[in-house]
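Please read the structure below before turning to the comments.
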Amino acid sequence: MEAVFSAAGPLRGELAVPADKSISHRAAILGALAEGRTVARPFLRSEDCMSTLSCLRSIGVEWALSGDDLTVEGRGPQGWRQASGELDAGNSATTMRLLAGALAGRPFTSVITGDESLCKRPMGRIVEPLRRMGAEITGREDNTMPPLTVRGGGLTGIEYRMEVDSAQVKSAVLLAGLQAGGETRVVGGRSSRDHTERMLLLMGADLSFEGEDAMTMRASRLQAREIAIPGDISSAAFILAAAVLVPGSRLKLSGVGLNPTRAGFLSVLNTMGALVMESNYSETDNEPRGDLEVGGAQLNGIEVEGRHIPAMIDEVPLLAVLGCRARGETVVRGAGELRVKESDRISAVCGELAKMGAEITELPDGFVVHGPVGLQGARVDSRGDHRIAMALAVAALCAEGETVIDGWECVNISFPGFEDTLHDLTG
Ligand code: S3P
């Protein structure tokens, strides 16, 4: 499916962005590991989160969706049953990695597979610690690629030093640690998103932190509860970027998650010269949220180093788009992880923006963009990656002429209705 965009008038109005995808996955999985009824609202009804729900149903977890309210009937990990077939995580690495961690604690066999993109993504990073804890896990390419076969149970806690700053790896180890004998100590990884840690604490897990760098998990029972899910700052980022780039825009986004491990993109916008105003700050169910207001701005280039990447990992493709319209050079380094996302996001964003006239150079772990350039409408390809599709749509809003984006349907992975939302805001 293709979508067509052209230069838009100013974005105006007020909007609540869709619910946070990462927190929605966790509410479903932790709700399924807890005892009692968890109600999470609003739950993100996107393809990725539906993949998590369908895997949970296959292992015997009962849940219901009524409007945007998800109810999970948790019976503890002991309530999970061996599925009769494969678990299909679709496009979602969060589903595959977090479920592999949780299933490592269950004494039966699970096969977790996914779509063509997910089956190319690295799994050795979770297989290695989960095997050390005692799970039997096999996969293609010397146990480093999906599909994964997990035979779990009888886990023992380990000390695990994080090799990649990944929330999915950290979460997999913690969810296994929840069911392991002894202590599971995770060292490092504290700059990646911490939604799992926050929700585990909310549900009563025995998780403690030591200084800036380490945490220890002990086997514990989770208590079901109601969970309010904030708006997804990664979805908000596309709308914010569009408003910043289209002159005369003025937008307010309400109830956006402002967890500091996710909010790096807001700092980047401010440094580049777009003033993002935060108001109505509050904290609900261990997650901060607030309203954001932003308008069109003249941007300056920026240099972003590796240590800042985890807090904006999914927004990096948007930085390339902003860089095209900013004065001077925008440089991103230390973002090699982008090469193993839903697509190779460095190659995708550089290749597709170049078709629109961007002056962008690929680096092994990032890119350099020279700006400002006048972007030209072109035929571009999402490469099956939702965040690339949306970043290209934002570029199209400030390009001359029409942009046709092939493979548009992937936006349903995280932001169903994105195209309508943009049209509504631009009148
Ligand atoms: C996610 C963690 C990040 C992020 C992904 C969602 C999560 O991946 O890119 O979109 O929900 O835990 P990594 O953990 O691989 O960095």
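Mind listing just one residue for me: the one in region 374-421 that is among the acidic types (Asp, Glu) and more than 14 Å from residue 234 (Cβ to Cβ) and, of those, surrounded by the fewest Cβ atoms within 10 Å (Cβ to Cβ)?
420
State yes or no: is residue 348 crowded, with 22+ Cβ neighbours inside 10 Å, within 16 Å of the ligand (Cβ to nearest atom) and closer than 27 Å to residue 399 by Cα?
Yes; evaluated as a whole, the condition is true for this residue.
Among the residues in region 131-143, are any hydroxyl-bearing (Ser, Thr, Tyr), in contact with a strand residue (DSSP E or B) (Cβ under 7 Å, 6 or more places away or on another chain) and either in the same structural domain as residue 59 (by TED's automatic domain parsing) or within 14 Å of the ligand (Cβ to nearest atom) (or both)?
Within region 131-143 (the criterion being hydroxyl-bearing (Ser, Thr, Tyr), in contact with a strand residue (DSSP E or B) (Cβ under 7 Å, 6 or more places away or on another chain) and either in the same structural domain as residue 59 (by TED's automatic domain parsing) or within 14 Å of the ligand (Cβ to nearest atom) (or both)), the answer is yes, since at least one residue qualifies.
Restrict the check to region 386-393 and report whether at least one residue is under 16 Å from residue 345 (Cα atoms), of a type in the set (D, E, K, R) and not in a strand (DSSP E or B).
There is at least one residue in region 386-393 that is under 16 Å from residue 345 (Cα atoms), of a type in the set (D, E, K, R) and not in a strand (DSSP E or B).
Among (1) farther than 21 Å from residue 117 by Cβ; (2) over 23 Å from the mean Cα position of the chain (by Cα), there is one condition residue 331 misses while meeting the rest; what is its number?
(2)
Please enumerate the residues belonging to region 301-321 that are surrounded by fewer than 24 Cβ atoms within 10 Å (Cβ to Cβ), more than 14 Å from the ligand (Cβ to nearest atom) and of a type in the set (A, V, I, L, M).
Residues satisfying the conditions are 302, 304.
Among the residues in region 153-161, are any closer than 27 Å to residue 314 by Cβ, modelled with pLDDT of 95 or more and touching a Cys at 6+ places or on another chain (Cβ under 7 Å)?
No: region 153-161 contains no residue that is closer than 27 Å to residue 314 by Cβ, modelled with pLDDT of 95 or more and touching a Cys at 6+ places or on another chain (Cβ under 7 Å).
Considering only residues that are in contact with a Gly (Cβ under 9 Å, 6 or more places away or on another chain) and within 16 Å of the ligand (Cβ to nearest atom), look in region 322-343 and name the one that is nearest to residue 273 (Cα to Cα).
332
Suppose the filter is more than 16 Å from the ligand (Cβ to nearest atom) and touching a residue at least 40 places away in the same chain (Cβ under 8 Å); does residue 67 pass it?
no
Go through (1) within 16 Å of the ligand (Cβ to nearest atom); (2) closer than 17 Å to residue 200 by Cβ for residue 124 and report which single condition fails.
Looking at each condition in turn, residue 124 falls short on (2).
Go through (1) surrounded by fewer than 23 Cβ atoms within 10 Å (Cβ to Cβ); (2) touching a residue at least 40 places away in the same chain (Cβ under 8 Å) and name the single condition residue 222 misses.
(1)
Return the residue satisfying two criteria in turn: it lies in region 165-221 and is within 16 Å of the ligand (Cβ to nearest atom) and of a type in the set (Ser, Thr, Tyr), and of such residues it is modelled with the lowest pLDDT.
Among those residues, the one meeting the criterion is 191.
Out of region 14-30, which residues are part of a strand (DSSP E or B) and either closer than 14 Å to residue 52 by Cα or touching an Asp or Glu at 6+ places or on another chain (Cβ under 7 Å) (or both)?
Passing the criteria: only 19.
Any residue at all in region 286-298 that is under 16 Å from the mean Cα position of the chain (by Cα), surrounded by 23 or more Cβ atoms within 10 Å (Cβ to Cβ), free of Cβ contacts under 8 Å to residues at least 60 places away in the same chain and more than 25 Å from residue 199 (Cα to Cα)?
For region 286-298, residues under 16 Å from the mean Cα position of the chain (by Cα), surrounded by 23 or more Cβ atoms within 10 Å (Cβ to Cβ), free of Cβ contacts under 8 Å to residues at least 60 places away in the same chain and more than 25 Å from residue 199 (Cα to Cα): absent.
Among 177, 189, which is of a type outside the set (Asp, Glu), touching a residue at least 12 places away in the same chain (Cβ under 8 Å), at positive phi and buried (at least 18 other Cβ atoms within 10 Å of the Cβ)? Even if it seems obvious, please write down each step before you answer.
Numbers: 177 fails: at positive phi.
Matching residue, one of 177, 189: 189.
For region 134-156, which residues satisfy the criterion of being buried (at least 22 other Cβ atoms within 10 Å of the Cβ) and within 19 Å of residue 205 (Cα to Cα)?
Scanning region 134-156 gives a single hit, 155.
Exactly one condition in (1) surrounded by fewer than 24 Cβ atoms within 10 Å (Cβ to Cβ); (2) touching a residue at least 40 places away in the same chain (Cβ under 8 Å) is false for residue 275; which is it?
If we test residue 275 against (1) surrounded by fewer than 24 Cβ atoms within 10 Å (Cβ to Cβ); (2) touching a residue at least 40 places away in the same chain (Cβ under 8 Å), just (2) comes out false.
In region 410-427, what residues are touching a Gly at 6+ places or on another chain (Cβ under 9 Å) and either among the acidic types (Asp, Glu) or farther than 26 Å from residue 20 by Cβ (or both)?
Result: 424, 427.
The values are calculated or read from the model by the stated rules, or taken from the named source; none is laboratory data. Just so you know, these numbers come straight off a predicted model, no measurement behind them. FYI the Cβ positions are ideal-geometry reconstructions off the backbone, even for glycines, and counts take in every protein chain you see.
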